[in-house]
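Rule-based calculations on the coordinates, nothing more; no lab input. Fair warning: this is a prediction, and the values are worked out from it, not measured in the lab. Cβ sites come from the backbone with ideal geometry, for glycine too, and all protein chains shown count toward neighbours.
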Amino acid sequence: MPRFAANLSMMFQEHPFLDRFEAAAAAGFQAVEYLFPYDHPPEVVAQHLAAAGLSQSLFNLPPGDWAAGMRGLAAVPGLEASFAESVERALIYARALGCLKLHVMAGITTGVDPAAAEATYIANLRTAVRRLGDAGITALIEPINARDMPGYFLATSDQAVRIIEAVGLPNLKLQFDVYHTQISEGDLTTRLTKLAPLIGHIQIAGVPDRHEPDTGEVAYDRLFPVIDAIGYDGYVGLEYRPAGDTVAGLGWLAAETA
């Protein structure tokens, strides 16, 4: 059975962000992830993480102006300097939190020549992945479905494989989000098995509503043994929006781990 990390950007929203660490630990989690920690000083986030006795499994590089619709910088021509700054800012937090995996968001590239976006993405990744590798950190890229995030540059696993191979560095891996993959591509068991050597992190949610994993069209009771079989030993991030109270919705987890 996989090990699970609570995503604090989506779960435990009954509490302010910094109180979610304690709530996750009280619910039995040993690790957490989230989208972004940057609203709080790194030492403050680290204090709450340590006080709760949790490990930090993952977070994202700064995405640019999220409120203005930015969803990452790496594939957007003209933002190379801002992207380099985002890498350094994320490194400060990663070191404070002991986090060894960082998701590098590609960004919205609507209206940008695809070849130019890909060239920018590869060049930025190559520089960033080397920089993160010096700190012992694995960089991750994640295909995101076009329904949830229209215009996002990285949309499919085949595209991600091409990018990873072009960058050619061992600490660049695939973030395999089952929710996004099911919506965009399907064929989950085959894709997990085929892509296993490249997978650096896995996330799950119910499809199509992104609620608890025991709802929707994905049979996770069949998929969890596949995750074990491919040899993945990292945390599986629970990147779902609880349909109601977070703890009340964790019955699926108790049943899976019983």
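Exposure proxy ranking for L54, L73, based on other Cβ atoms within 10 angstrom of each Cβ and starting from the fewest, stands as L54, L73. Stokes-Einstein, applied to the Kirkwood radius of the range 48-122 over Cα pairs at a viscosity of 1.306 mPa s and 10 °C, places its translational diffusion at 118 µm² s⁻¹. Our estimate of slack between D148 and A26, defined as 0.36 nm per intervening residue step minus the Cα-Cα distance, is 40.8 nm. Modelling each spin label as a point 7 Å along the Cα-to-Cβ direction, I'd like the T190/A68 distance in nm, to one decimal. Those two pseudo-labels are separated by 4.3 nm.
Here the chain has an Rg and Dmax of 17.4, 51 Å, counting Cα atoms alone. Among D233, D39, D158, the largest mean-square fluctuation in a Gaussian network model of the chain, built with springs joining Cα atoms closer than 10 Å, belongs to D39. The share of C-alpha pairs in the range 34-162 whose separation exceeds 23 Å stands at 31 percent. The Cα center of the range 1-50 and the Cα center of the range 122-191 differ in position by 24 Å.
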